[in-house]
Every structure is written in structure tokens, then in C-alpha cells.
Amino acid sequence: MICCHEKYEVAMEISGAELRRCRDCGLVVVSQKIRGFAPEIYQDYYQEDTGGRFGAGIECVVKAFRFVRALKIFLLKSDSRSILDIGSGRGWTLYFLKKYFHYETAVGTQISLPAYRFSREKLRLEIYNRDLLAIDFSRTFDVISLWHILEHVNQPEEYVEKISQLLSDNGRLLIEVPNFNAWSRRLVEKYWLGLDLKHHLTFFTPAALSALLLKYGFKIEKIRTFSLEYSTFTSTQSLVNFISGSQDCFFCWLGGEKFGPKIYLHTLLFVLLFPLCFLVNLILYFFDWGEVITIVAQKNG
């Protein structure tokens, strides 16, 4: 176990892979036989020409959500002037922070070459095409953010330790990851969209992620399990997967796969289930069963 604890239990078994839960801290990891961070699998994660993952219409929606992210980061601490966004995607969040919210330093990391090139060449951002642990920064940052990144790395604890060194005193850390306690994960198990075992190596519960941050001296300021961007879509696709007995067809179609017969069924089920899933996630806003974990933490000075 990467958390160095010795007692664990098998939380799930999927296609020969075990998801093992630590009995001490609650961290869930994928079994070693398929585990391993492989940067090459991310080289086609984004499109070469646009730096995006979807068609033009969906990318406009994504761009709008990235503006909302930038606004949220600004509101965390309005006098902040520097940010490190680990796994910075297409770079739009950093771009908006510099253009509209007066951030003087907006730095990102991105191992996928298409998104890295788009960020540097199109948006003119300071982006590093290396893993965080391989970069020696000679500065600290007022804000550090990781949006759906920590579940992709081999050693999340090493990430948190390095982040604690790179964050300024009283700086803010913002992390969002899939929630292994999610109601839809409990209901549909292997059909949960958040599993994504091709890319995800570690899974968290609110308690497990909070404990990891507290271990390195962070003070938890806010924690929630609802995301307007991810929650309803994740729940709906997961239920559609379960009902149809197929995996992520609608999501893959949005990502550019050819339209096939299964898409008709998935689209119909999506239309029917989306309002219900939105309502369920809204009701669960104040509980820990939502689809994501979003934590805002402060580094104690």
C-alpha cells in the first residue's frame, strides 16, 4: 500500500484488478499488477490541433467552466498574485486568472504534449511539460490547485508533501478528485464513470483526503462533494452504463468516437435520467456521498 499501512481489504474486483482499501486511512489503490504511471497514455488525451478533448460546442462549455474555476480561485484569497496549477489542462484557468483577475504569476504543469503546446503557443502561458516531482521551483505560490489530478499519480503523498513546500505561508490549496464514497459508485460499482482504470491509480474518500492533508500541516477550510460541472454528468453516465450494460458510450461519443447504435439508447436514457440525477446530487450537497471531493485547505504559517 502506498500509504505505508499494512492492513487492507479488497474494496472491489474488476476484470482481474483489485481495488484495495487501507483499513487505517481509507485510501483506495489499484492493485500493483496493473498499477503504474505511464505518461505515454496521455499523449492522445488532448487533440493535437486544438488542445481540447471534445468538439467545438462542448469545448465552449468547458471553457465557460474554466472561467468559473478562475473566479472561484480568485475568491479564495483576492489578494493572491501567484498560482501553480498542477495538471493545467488546456490552460484556460490560468489564462483567465492573468487576464481578468490580475494574477502576476500563473504557472502550470502538463505532461500531454498537445495541451502543453496549446497552452504555451496559443495562450502564451508558463507551462512545464514534466511531472511535478521532477521540477525544481525556486519560488513559492499563493495558491496551488489540482483539478482531478491526484487520482492519476503513483505517490499522492509525495505530491502533497512537495505542495506543502511550494505553498506560501497562509497560502491556499484547492484539490478536486472523484469521491469513492459517491452514491452512484455504491449503486453501480464497476459501471461508475469515475473509475477510469486506464488513468486512475488512487481513489479517495473525504476522510482519507482530509487525513492526508492534515498530516502535512494543512488546515481544512471547506469541503464539499458537489460539482456543477461533474456531478450530474458522472451520475447519469454511470446509471446509463448500468442499465445498458455498456461502458461510457455517450461520453466517448462526445470525445470524438463514431456514432453507433448504442448511442441512441444512451442518449435516450441520458435525457430521462439527467434531471433525476441533478436532483439527487443537489439533495446530497451537504453530505459526503456526492460524485467529487473538493477541498480548500490553508497552509499554516
Residue-averaged [θ]222 nm for the chain, counting only DSSP H segments that reach four residues, each worth -39500 (n - 2.57): -10500 deg cm²/dmol
Output the antiparallel fraction of DSSP beta bridges having both residues in the chain, as a percent to the nearest 5. 55
Positive end of the charge dipole of the chain (Lys, Arg +1 and Asp, Glu -1 on Cβ, about the Cα centre): tell me which of Leu279, Gly52, Thr202 has its Cα farthest that way. Leu279
What are the ³J(HN,Hα) values, in whole Hz, obtained from phi via the Karplus relation 6.51 cos²θ - 1.76 cosθ + 1.60 with θ = phi - 60°, for each residue of the stretch 205-221 in sequence order, with x given for Gly and Pro? 10, x, 5, 5, 5, 4, 4, 5, 5, 4, 4, 9, x, 7, 9, 6, 9
Taking H as built 1.01 Å from N, whose amide H comes closer than 5 Å to the amide H of Gly52, not counting residues under 5 places away? Gln47
Which aspartates and glutamates have a Cα lying under 14 Å from the Cα of Lys198, excluding residues fewer than 8 positions away in the same chain? Glu18, Glu40, Asp44, Glu151, Asp248
Please list 3J(HN,Hα) in residue order for the stretch 49-62, calculated via the Karplus relation 6.51 cos²θ - 1.76 cosθ + 1.60 where θ = phi - 60°; whole Hz, with x for glycine and proline. 7, 9, x, x, 10, 10, x, 4, x, 5, 5, 5, 5, 4
One quarter of the convex hull surface, Cα atoms only: what value does that give for the stretch 143-257 in nm²? 7.8
First obtain the Kirkwood hydrodynamic radius of the stretch 35-171 from its Cα pairs, then insert it into the Stokes-Einstein equation at 20 °C and 1.002 mPa s, and state the resulting D in µm² per second as a whole number. 140
Can you run phi through the Karplus equation (6.51, -1.76, 1.60; θ = phi - 60°) for the stretch 230-246 and list ³J(HN,Hα) in whole Hz, with x for Gly and Pro? 10, 4, 5, 5, 4, 4, 5, 4, 5, 5, 4, 4, 5, 5, 8, x, 10
The stretch 19-154 - share of DSSP beta bridges that are antiparallel (%, nearest 5): 20
Under a 5 Å amide H to amide H cut-off, with H placed in plane at 1.01 Å, what residues pair with Gly171 once short-range neighbours are removed? Lys299
Can you list the trypsin sites (Lys or Arg not before Pro) in the stretch 133-233 that are in a DSSP coil and have 13 or fewer other beta carbons within 10 angstrom? Arg139, Lys198
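We did not get these values from a lab; they are worked out from the coordinates using the rules stated. The shown structure was predicted, so the numbers you read here are calculated from the model rather than taken from an experiment. As a convention, Cβ positions derive from the backbone with ideal geometry for all residues, glycine included, and neighbour counts pool all protein chains shown.
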